[in-house]
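Okay, structure first, notes after.
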Amino acid sequence: MRENLILNLQSFNSDYLYEIWQNGFSNQNPEWTKWNAPYFKDYHAYPSFSDFKQSSVAEYLLSDSCKCICLNEKAVGMVSKNWIDEATRWLEVGIVIYNSEYWHGGIGTKALKMWTNEIFKQHPELEHIGLTTWTGNPRMMHLAEKIGYTKEAQIRKVRYFQGVYYDSVKYGVLREEWEKMHRNL
């Protein structure tokens, strides 16, 4: 990532929602949907920003579960957290950069590091953060490993997409591992 670019995570607002709608939810087949669990076939394009603002997607983005990835104050993606089981403190994270022009520049790496760090700070009781992806998204697998997540499980041939079976892959990082690797964050 170029040094003159400022990346941060912000709560979603109407301006950020508009940019995310333009980049991620106004077209019928955006590139990001080919990588972000396309086997669920749950993507829906919204013909207007007004429609998008009233959608469950916008509601989710505006929730405490998400933050907007901002690059020089421009919304380019989102990070999320979801409780698998809050009672047992099992939480997983996710990330999507909606505009492919911002792929391969280190933005996802920096954003997921920041998000993981923020979650560990917000939840001092949390000892583990997980991330689930699929073998059809090798870039996400590489990103998880690159920042220090460990592959914890691989469930074979459970994601069927376009005539091919893929594996579901689970990654995780423990608090003590994270703190040891990322003391400077």
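A few comments on the model shown:
- Close pairs (7 angstrom Cβ cut-off, 6 or more residues apart or separate chains): touching a residue at least 40 places away in the same chain (Cβ under 8 Å) in segment 45-62, not in a helix (DSSP H, G or I) anywhere: Leu61/Phe12; Leu61/Met78; Leu62/Phe12
- Residue within segment 29-45 that is of a type in the set (Lys, Arg) and farther than 27 Å from Arg159 by Cα present: no
- Selected residue [more than 21 Å from Asn82 (Cβ to Cβ) and either surrounded by fewer than 19 Cβ atoms within 10 Å (Cβ to Cβ) or not charged (D, E, K, R) (or both)] from His123, His142, His128: His142
- Complete set of residues in segment 71-89 that are among the aliphatic types (A, V, I, L, M), in a strand (DSSP E or B) and closer than 20 Å to His128 by Cα: Val79, Ile84
- Residue, farthest from the chain's Cα centre (by Cα), within segment 126-185, restricted to residues that are of a type in the set (Gly, Ala, Ser) and under 17 Å from Trp90 (Cα atoms): Ala153
- The residue pairs whose first member lies in segment 161-185 and is touching a residue at least 24 places away in the same chain (Cβ under 8 Å) and surrounded by 15 or more Cβ atoms within 10 Å (Cβ to Cβ), whose second member is assigned to a strand (DSSP E or B) and of a type in the set (Asp, Glu), and whose beta carbons are closer than 9 Å, counting only pairs six or more residues apart or on different chains, are Val169/Glu152; Lys170/Glu92; Lys170/Glu152; Tyr171/Glu152; Gly172/Glu92; Gly172/Glu152.
- Of all residues in segment 71-102, those that are modelled with pLDDT of 95 or more, acidic (Asp, Glu) and over 26 Å from Arg183 (Cα atoms) total 2.
The values are calculated or read from the model by the stated rules, or taken from the named source; none is laboratory data. This one's a predicted model, so the numbers in the text were calculated from it and none came from an experiment. Cβ: placed from backbone, ideal geometry, glycine included. Neighbour counts: every protein chain shown.
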